[in-house]
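Asker: The structure that follows is given in the form of structure tokens.
The values are calculated or read from the model by the stated rules, or taken from the named source; none is laboratory data. Please read these numbers as outputs of a predicted model, since none were measured by experiment. Methodologically, a virtual Cβ is constructed for each residue, glycine included, from the backbone with ideal geometry; neighbour enumeration extends over all protein chains shown. When the accessible area is computed, the model is the full protein with side chains, heavy atoms only, and any ligands, DNA or RNA have been set aside. Shrake-Rupley method; radii C 1.70, N 1.55, O 1.52, S 1.80 Å.
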Amino acid sequence: AIAPERRVAPAPPATAHAVPHVSGMSMRAALLALHEHGFRVVIDSLAGGGTSPAAGTSVVPGTIVRLHRSP
């Protein structure tokens with residue numbers, strides 16, 4: 001006998017979070033703040049301070065946020 005097809009409920013849509021303001025924080029504190037919001041972080045040491053997407057932008061958890069280190 002063939003087993004009936006199992007239906008999986010779709011995952012609920014992810015709730016967007018604002019990228020936190022991390023300028024002025026230590027690198028460690030900034031990384032922690034971004035990770036606590038569920039973002040993946042890439043450190044970019046070739047740009048000025050801040051993040052991409054910019055602080056205050058609403059994005060879903062799992063989004064890659066580039067953390068720009070001040071030279």
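Asker: Hey, can you tell me all the residues within the range 18-66 that are part of a loop (DSSP other than H, G, I, E, B) and β-branched (Val, Ile, Thr)? Explain how you work it out, then say what you get.
Answerer: Taking the range 18-66 as the starting set, the residues that turn out to be part of a loop (DSSP other than H, G, I, E, B) are 19-26, 37-39, 45-49, 53-57, 60-63.
Within the range 18-66, Val19, Val22, Thr57, Val60, Thr63 meet the criteria.
Asker: Now for a separate question. Go through the range 20-71 and report how many residues are among the hydroxyl-bearing types (Ser, Thr, Tyr) and in contact with a Gly (Cβ under 6 Å, 6 or more places away or on another chain).
Answerer: To start, the set of residues in the range 20-71 that are among the hydroxyl-bearing types (Ser, Thr, Tyr) comprises 23, 26, 45, 51-52, 57-58, 63, 70.
Those still in the list that are in contact with a Gly (Cβ under 6 Å, 6 or more places away or on another chain) too: 23, 70.
Looking only at that region, the number is 2.
Asker: Any chance you could count how many residues in the range 1-25 are at pLDDT below 75 and within 30 Å of Thr57 (Cα to Cα)?
Answerer: Selection size over the range 1-25: 6.
Asker: May I ask you to list the residues in the range 30-60 that are open to solvent by less than 60 Å² (accessible area, probe 1.4 Å), over 16 Å from Ala16 (Cα atoms) and among the hydroxyl-bearing types (Ser, Thr, Tyr)?
Answerer: Thr51, the sole residue that qualifies.
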